[in-house]
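J.: Here it is: the structure, laid out below.
No lab work stands behind these numbers, since they all come straight from the coordinates. Since this is a predicted model, take the numbers as computed values, not measurements. Positions of Cβ are backbone-derived with ideal geometry, glycine not excepted, and every protein chain shown enters the neighbour counts.
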Amino acid sequence: MNNDLAKRADLLLARARAADLPIVVAESCTAGLLSQLLSDAEGASMLFAGGFVTYSKDQKTAALGVPRQVLAEKTAVCREVARAMAEGALARSAAGVAAAITGVAGPEPDEDGNPVGRVCIAVARTGYPTRAFEHQYGALGRDTIRERAIGDALTALIDTVSAVSAVA
């Protein structure tokens with residue numbers, strides 16, 4: 001992971017500490033890399049509740065409660081699945097905020113035809129509407145796509161935690 005991502009993870013945990021807001025993540029195409037980054041950050045033991053790596057559709061349903069019908073109708077790479085993953089992680093943890101990443105890092109499109117570089121990210125916060133985003137990074141290579149997805153998830157988490165801190 002690059003140094004910028006580590007700095008943003010540190011910033012996220014500092015802001016989460018100020019807001020007393022534990023974090024959980026649900027990952028698919030990043031396969032636990034966001035969890036690793038957060039667990040390496042200063043203060044992680046007090047604010048990082050953990051993560052779910054749900055690489056397959058079946059695991060998204062079993063571990064996070066993503067509806068099979070949504071997966072069948074929309075595929076695993078859509079805002080609706082990212083939203084369900086984030087909300088499922090939040091409901092199944094002691095955290096107050098959750099991020100989810102689902103997408104195609106490559107090198108080939110997924111079994112549903114989603115192109116390499118399509119990634120959906122969602123952030124859920126107890127008592128607030130869940131926000132979901134779709135990114136089209138393009139075929140930049142597996143590592144670059146994963147880093148961009150993690151960077152965008154960190155930005156969304158920082159914005160969510162900061163907005164909550166400003167209101168509290």
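J.: Has region 124-135 got any residue that is of a type in the set (V, I, T), under 28 Å from R17 (Cα atoms) and touching a residue at least 60 places away in the same chain (Cβ under 8 Å)? Break it down into steps so the answer makes sense when it comes.
T.: So in region 124-135, the residues of a type in the set (V, I, T) come out as 126, 130.
From what is left, the residues that are under 28 Å from R17 (Cα atoms) are 126, 130.
With touching a residue at least 60 places away in the same chain (Cβ under 8 Å) added as a condition, the list becomes none.
Scanning region 124-135, I find no residue that is of a type in the set (V, I, T), under 28 Å from R17 (Cα atoms) and touching a residue at least 60 places away in the same chain (Cβ under 8 Å), so the answer is no.
J.: Also, quick follow-up: The conditions are (1) touching a residue at least 60 places away in the same chain (Cβ under 8 Å); (2) small (G, A, S); (3) over 17 Å from C120 (Cβ atoms), and G50 fails exactly one of them. Which is it?
T.: Tallying (1) touching a residue at least 60 places away in the same chain (Cβ under 8 Å); (2) small (G, A, S); (3) over 17 Å from C120 (Cβ atoms), G50 fails exactly one: (1).
J.: Those residues that are in contact with a strand residue (DSSP E or B) (Cβ under 8 Å, 6 or more places away or on another chain) and under 19 Å from G106 (Cα atoms), I need them from region 62-78; list them, please.
T.: We begin by selecting, within region 62-78, every residue in contact with a strand residue (DSSP E or B) (Cβ under 8 Å, 6 or more places away or on another chain); these are 63-64, 76-78.
Across region 62-78, the qualifying residues are A76, V77, C78.
J.: Quick check on this structure: which one of E87, E80, E42, E73 is touching a residue at least 24 places away in the same chain (Cβ under 8 Å), out of contact with any Gly (no Cβ under 9 Å at 6 or more places or on another chain) and over 25 Å from D143 (Cβ atoms)?
T.: Numbers: E87 fails: out of contact with any Gly (no Cβ under 9 Å at 6 or more places or on another chain); E42 fails: over 25 Å from D143 (Cβ atoms); E73 fails: touching a residue at least 24 places away in the same chain (Cβ under 8 Å).
On inspection, the qualifying residue turns out to be E80.
J.: Does S93 qualify as being without any contact (Cβ under 8 Å) to a residue 40 or more places away in the chain and small (G, A, S)? Outline the logic, then answer.
T.: Details: without any contact (Cβ under 8 Å) to a residue 40 or more places away in the chain: no; small (G, A, S): yes.
In short, no.
J.: Does A132 satisfy the criteria of being in a strand (DSSP E or B) and either farther than 18 Å from L38 by Cα or polar (S, T, N, Q) (or both)?
T.: Numbers: in a strand (DSSP E or B): yes; either farther than 18 Å from L38 by Cα or polar (S, T, N, Q) (or both): yes.
The answer is yes for A132.
J.: State yes or no: is R125 of a type outside the set (G, A, S), surrounded by 19 or more Cβ atoms within 10 Å (Cβ to Cβ), within 16 Å of the chain's Cα centre (by Cα) and farther than 19 Å from L11 by Cβ?
T.: Numbers: of a type outside the set (G, A, S): yes; surrounded by 19 or more Cβ atoms within 10 Å (Cβ to Cβ): yes; within 16 Å of the chain's Cα centre (by Cα): yes; farther than 19 Å from L11 by Cβ: no.
In short, no.
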